[in-house]
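Novice: Handing you a structure now.
The values are calculated or read from the model by the stated rules, or taken from the named source; none is laboratory data. Please read these numbers as outputs of a predicted model, since none were measured by experiment. In this analysis, Cβ positions are derived from the backbone assuming ideal geometry, glycine residues included, and neighbour counts consider all displayed protein chains.
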């Protein structure tokens with residue numbers, strides 16, 4: 001991996017930073033980083049929203065902590081999905097091998113676009129899932145034995161993140177063989 005980073009640094013220093021923007025590697029790595037970043041932001045916000053509701057319930061009834069911790073952390077899964085796509089894309093670019101892949105600008109642009117579904121859907125679905133989790137946590141204030149229903153309701157939003165994960169995974173694997 002250090003060799004790959006040295007190759008990138010050498011390319012930038014030899015050709016100038018602006019010409020690196022015209023390389024397929026730049027757009028491929030940018031897509032991978034953006035995918036992870038957007039999913040991380042969405043997950044952080046979603047867990048924050050659910051955490052605020054969870055804190056209110058635990059303040060009233062500390063024994064509920066074990067029941068709500070799973071619901072609160074469900075929006076974090078989008079970060080895992082974004083990271084997975086970023087790792088697959090970086091693998092296709094040769095980051096984990098002895099040398100970087102030789103890809104065209106068009107392939108890099110396609111790789112950038114292939115990472116976007118998971119990044120964008122991860123951002124929004126994690127936030128929406130956090131809002132749903134907060135709503136289901138409020139159900140537990142009146143019905144503490146409905147945890148499984150609350151988890152299921154919150155997990156339904158996850159379906160769209162899984163669809164995005166699948167489409168980005170297929171596209172990333174299709175672009176560079």
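Novice: Is there a residue in segment 153-165 that is at pLDDT 90 or above, more than 20 Å from residue 39 (Cα to Cα) and over 13 Å from the mean Cα position of the chain (by Cα)?
Specialist: Checked segment 153-165: at least one residue is at pLDDT 90 or above, more than 20 Å from residue 39 (Cα to Cα) and over 13 Å from the mean Cα position of the chain (by Cα).
Novice: Report yes if some residue within segment 56-72 is at pLDDT 95 or above, assigned to a helix (DSSP H, G or I) and over 30 Å from residue 98 (Cα atoms); otherwise report no.
Specialist: Looking through segment 56-72, none of the residues is at pLDDT 95 or above, assigned to a helix (DSSP H, G or I) and over 30 Å from residue 98 (Cα atoms).
Novice: Take the residues of segment 152-177 that are surrounded by fewer than 19 Cβ atoms within 10 Å (Cβ to Cβ) and in contact with a helix residue (DSSP H, G or I) (Cβ under 6 Å, 6 or more places away or on another chain): which is nearest to residue 73 (Cα to Cα)?
Specialist: Residue satisfying both the conditions and the ranking: 153.
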